[in-house]
1. Express the Stokes-Einstein translational diffusion coefficient of the stretch 1-59 in µm² s⁻¹, to the nearest whole number, given a Kirkwood radius over alpha-carbon pairs, 4 °C and a viscosity of 1.567 mPa s.
2. Tell me what the chain gives for mean residue ellipticity at 222 nm when only DSSP H runs of n ≥ 4 count, each as -39,500 (n - 2.57), the sum divided by the residue total, rounded to 500 deg cm²/dmol.
3. What is the stretch 1-59's relative contact order, in percent, from Cα pairs under 8 angstrom and six or more apart in sequence?
4. Hey, can you rank 39-47, 26-34 by average C-beta count inside 10 Å, highest first?
5. Note down the relative contact order for the chain as a percent, whole number, built from C-alpha pairs under 8 angstrom at least six residues apart.
6. If the convex hull of the alpha-carbon atoms of the chain is projected onto planes in all directions, what is the mean projected area in square nanometres?
7. Could you tell me the distance between the Cα centroids of the stretch 4-33 and the stretch 59-101, to the nearest Å?
8. Could you work out how far helix 2-22 tilts from the main Cα principal axis of the chain, as a 0 to 90 degree angle to the nearest 10?
């Protein structure tokens, strides 16, 4: 279990180092998880070592929310004063994200349709020749 925990922490450290060194906007643990996934895909034998520790950590994941809950209770007065602004910011940013994703998806679908149309036109032109 210690060996597996060390493996997980080393990948997190690598991710944090890459984020800090290159000023990446992606959190280090996310990069570390992606690198761990790539390693597990290349070396499935490592999965057997890490699986039980990962499962144990995931079973206690709810404990990680305790500090956030304590922070909410400590700053409850401030939250009650600025609650409307916080809710407006959360709802507004959520709506803005939905619109941005929809616009991006529509743009990408349009590009795909254009490529299909041009590919079909090229194939038809070849058939005519």
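1. Value of D from the Cα-based Kirkwood radius: 110 µm²/s.
2. Per the formula, -29500 deg cm²/dmol.
3. Value for the stretch 1-59: 38 percent.
4. 26-34, 39-47
5. Worked out over the chain, it gives 17 percent.
6. Averaging across all directions leaves 14.5 nm² for the Cα convex hull.
7. The stretch 4-33 and the stretch 59-101 have Cα centres separated by 25 Å.
8. With rounding to tens, the tilt is 60 degrees.
Every number here is computed from the coordinates shown, using simple stated rules; none is lab data. Worth saying up front: this structure is predicted, and the values here are computed from it rather than measured. As a convention, Cβ positions derive from the backbone with ideal geometry for all residues, glycine included, and neighbour counts pool all protein chains shown.
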